[in-house]
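> Could you have a look at this structure, given as structure tokens, before my questions?
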Amino acid sequence: MFIIENDLIGLSPYTHADDADMFACWQNIDTQKGYNGIFNQTFNEFKEFNIEQFTFWVTVTDKKTSKKVGVLRLGLDEICPDLAIWIYPRYRNRGYGTQSFALALKYIFEHFPYSEISAGCFEDNISSIKMLTKIGFVRYPDGDVAEKSCFTGETIRQLEFRITSELARDIPLLLADNQ
Ligand SMILES: CC(C)(COP(=O)(O)OP(=O)(O)OC[C@H]1O[C@@H](n2cnc3c(N)ncnc32)[C@H](O)[C@@H]1OP(=O)(O)O)[C@@H](O)C(=O)NCCC(=O)NCCS
């Protein structure tokens with residue numbers, strides 16, 4: 001069932017059975033702020049996407065409770081794709097983000113030819129910045145992008161972070177000790 005797991009969580013391929021959870025996640029205001037986008041699609045509009053176009057798109061399951069707690073997806077850039085994450089609102093700030101990002105990176109670097117993965121987050125997204133820094137991502141200021149916040153109208157910076165396959169080898173293995 002899991003493509004990779006540790007003692008606490010497992011990652012399995014995203015399917016349309018996950019659409020309702022993901023739709024609910026997008027309705028959360030902090031999710032929308034995390035991606036600077038106002039979400040106003042209907043469920044029928046939302047679920048019209050092709051999962052197969054993405055090479056890595058997974059759901060995170062808590063192994064103890066069997067609850068699905070979030071989703072990660074790798075972007076389509078051929079050189080340095082970005083890894084995006086959505087932990088479902090009720091499961092945030094319990095370590096799932098850090099655990100699942102680390103596990104996903106381990107899988108990606110072992111199964112795909114990328115030497116570097118990127119991640120972007122807005123400067124006010126404290127939990128995301130902490131998560132990326134803790135895992136070992138380093139800032140890549142040349143990739144920063146200034147955007148207008150669709151919530152406040154102010155200019156906000158999306159900060160780019162990157163991690164190389166070498167750096168990812170140093171991710172504490174208690175986060176991912178079996179598969
Ligand atoms: C960003 C996100 C993925 C983090 O996942 P998470 O499971 O909540 O994060 P973790 O529990 O692993 O916590 C990571 C760090 O942030 C801290 N943190 C978590 N929530 C926090 C909050 N609301 N305020 C301040 N710090 C917070 C944690 O204490 C931890 O820091 P520590 O290791 O120093 O203790 C999650 O909040 C989320 O899905 N947000 C909405 C979508 C989004 O913003 N995605 C990222 C876009 S780049």
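FYI, it's all coordinate maths here, none of it is from the lab. This structure is a prediction, so every number in the text was calculated from the model and none was measured. Heads up, the Cβs are rebuilt from the backbone with ideal geometry, glycines too, and the neighbour counts pull from every protein chain shown.
> Out of all the residues in the range 73-94, which are among the β-branched types (Val, Ile, Thr) and within 12 Å of the ligand (Cβ to nearest atom)?
As a first pass, look at the range 73-94 and keep what is among the β-branched types (Val, Ile, Thr): 79, 85, 87.
Within the range 73-94, ILE85, ILE87 meet the criteria.
> With (1) without any contact (Cβ under 8 Å) to a residue 60 or more places away in the chain; (2) within 27 Å of GLN158 (Cα to Cα) as the list, and HIS16 as the residue in question, which single condition is left unmet?
(2)
> If you don't mind, there's one more thing I want to ask. What number goes with the only condition from (1) near the ligand (Cβ under 7 Å from one of its atoms); (2) of a type in the set (Gly, Ala, Ser); (3) in contact with a helix residue (DSSP H, G or I) (Cβ under 6 Å, 6 or more places away or on another chain) that GLY120 does not pass?
The single condition GLY120 does not satisfy is (3).
> Go through (1) more than 16 Å from the ligand (Cβ to nearest atom); (2) closer than 18 Å to MET1 by Cβ; (3) not charged (D, E, K, R) for LEU103 and report which single condition fails.
Of the numbered conditions (1) more than 16 Å from the ligand (Cβ to nearest atom); (2) closer than 18 Å to MET1 by Cβ; (3) not charged (D, E, K, R), the odd one out for LEU103 is (1).
> Which fully enclosed helices (runs of 4 or more DSSP H) of the range 3-114 have 3 or more residues being buried (at least 18 other Cβ atoms within 10 Å of the Cβ)?
In the range 3-114, the matching helices (runs of 4 or more DSSP H) lie at 29-34, 96-111.
> I've got another one for you. Which residue pairs have Cβ atoms under 7 Å apart, sit 6 or more places apart or on different chains, and have a first residue in the range 122-148 that is touching a residue at least 40 places away in the same chain (Cβ under 8 Å) and a second that is part of a loop (DSSP other than H, G, I, E, B) and surrounded by fewer than 17 Cβ atoms within 10 Å (Cβ to Cβ)?
So the pair list comes out as PHE122/ASN36; GLU147/ASN36.
> Looking at this structure, is PHE54 of a type in the set (Phe, Trp, Tyr) and closer than 19 Å to ALA119 by Cβ? Steps first, please.
On the way: of a type in the set (Phe, Trp, Tyr): yes; closer than 19 Å to ALA119 by Cβ: yes.
Spelling it out, PHE54 is indeed of a type in the set (Phe, Trp, Tyr) and closer than 19 Å to ALA119 by Cβ.
> Related question: For GLY97, all conditions in the list (1) farther than 23 Å from GLU166 by Cα; (2) within 16 Å of the ligand (Cβ to nearest atom) hold save one; what is the number of the exception?
If we test GLY97 against (1) farther than 23 Å from GLU166 by Cα; (2) within 16 Å of the ligand (Cβ to nearest atom), just (1) comes out false.
> Does the range 140-162 hold any residues that are assigned to a strand (DSSP E or B), farther than 22 Å from THR31 by Cβ and away from the ligand (no atom under 14 Å from the Cβ), and which are they? Spell out the reasoning first.
To start, the set of residues in the range 140-162 that are assigned to a strand (DSSP E or B) comprises 145-148, 155-162.
Next cut, farther than 22 Å from THR31 by Cβ only: 162.
Matches in the range 140-162: none.
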